[in-house]
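These notes are about the structure you will find just below.
The values are calculated or read from the model by the stated rules, or taken from the named source; none is laboratory data. In this text the structure is predicted, and so the values were computed from the model without any measurement. Heads up, the Cβs are rebuilt from the backbone with ideal geometry, glycines too, and the neighbour counts pull from every protein chain shown. We work out accessible area using only protein heavy atoms, side chains counted, and drop any ligands, DNA or RNA first. Shrake-Rupley method; radii C 1.70, N 1.55, O 1.52, S 1.80 Å.
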Amino acid sequence: MAGHSKFKNIMHRKGAQDKKRSALFSKLSREITVAAKMGLPDPDMNARLRSAIIAARAQSMPNDNIQRAINKAAGGDSDNYEEVRYEGFGPGGVSLIIESLTDNRNRTATNVRTAVSKNGGNLGTAGSVSHSFDRMGLITYPAKAGDPDKVFEAALEAGAEDVTSSDDGHEIWTAQGDLHEVARALEPVLGEAEGAKLAWRPQTTVAVGEGDAATLFKLIDALDDDDDVQTVWANYDISDDVMERLG
């Protein structure tokens, strides 16, 4: 995991998802269906749907699967999912924001609480940690999209607020309301993004040692295994040396 980007350190590890492609496709399909149901089934007229499709394509989800998820919403036979956010703390005092799409609040709350408590953490009340994060737009590009200078200039011109580049890729941060406008402005210069979504950016990070890091990753993996959990955000910062020892 050496050379991991700051964002991939802050968000959940992608490696666990790559081993569970079927489960990942299920989560992506759910987001597409919800986005299509909440607005028009046309990605050009529905920014959230467009973002969901971009994320699905970045994970090589077949176009047939994407269209099937859209049609499910248009057909009116889809389950009624609602967005529920959980907040709490993990090992080492790390703050957690857990975003879910669920058709059964009680089931999801029980599963999330169990996963957190069994892995050295505890859930808090709504707002207990989100006050230490900023709600922002996040656009991600692979490293091959361009060198840091090119990406920085394109992002600045498009109206972004911050850019972080590493060997793993580029993270372009925007104001919450500017996400889709900036994403569209970047496409002619950098191509289609890997992802474009609302994100939780921590105002400060917490350094985590090897012991707590191992438990923290078990917690995140347990949450990742839950079909209702869409994204886990956290404010941990783990050094390259510790990441290498953890493998």
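Things worth noting here:
- Out of Gly169, Gly137, Gly124, Gly146, one residue alone is touching a strand residue (DSSP E or B) at 6+ places or on another chain (Cβ under 9 Å) and open to solvent by 30 Å² or more (accessible area, probe 1.4 Å). It is Gly124.
- Condition check for Gly146: at positive phi, touching a Phe, Trp or Tyr at 6+ places or on another chain (Cβ under 7 Å) and touching a residue at least 24 places away in the same chain (Cβ under 8 Å): no
- For Gly195: the one exception among (1) touching a Ser or Thr at 6+ places or on another chain (Cβ under 7 Å); (2) modelled with pLDDT of 95 or more: (2)
- Test: residue in the stretch 216-224 that is open to solvent by less than 20 Å² (accessible area, probe 1.4 Å), within 20 Å of the chain's Cα centre (by Cα) and small (Gly, Ala, Ser): no
- Scanning the stretch 28-46 for residues that are open to solvent by 40 Å² or more (accessible area, probe 1.4 Å), hydrophobic (A, V, I, L, M, F, W, C) and closer than 17 Å to Ala183 by Cβ gives a single hit, Met45.
- Test: residue in the stretch 176-187 that is open to solvent by less than 20 Å² (accessible area, probe 1.4 Å) and farther than 22 Å from Met45 by Cβ: no
- The requirement of being open to solvent by 60 Å² or more (accessible area, probe 1.4 Å), touching a residue at least 12 places away in the same chain (Cβ under 8 Å) and part of a loop (DSSP other than H, G, I, E, B) is fulfilled nowhere in the stretch 85-93; no residue meets it.
- Count - residues of the stretch 150-166 that are touching a strand residue (DSSP E or B) at 6+ places or on another chain (Cβ under 9 Å) and surrounded by fewer than 21 Cβ atoms within 10 Å (Cβ to Cβ): 7
- Answer residue from the stretch 1-27, given it is surrounded by fewer than 18 Cβ atoms within 10 Å (Cβ to Cβ) and of a type in the set (Gly, Ala, Ser) and is modelled with the highest pLDDT among those: Ser26
- Checked across the stretch 63-73, the condition of being part of a strand (DSSP E or B), open to solvent by 40 Å² or more (accessible area, probe 1.4 Å), over 28 Å from Tyr141 (Cα atoms) and not hydroxyl-bearing (Ser, Thr, Tyr) holds for no residue.
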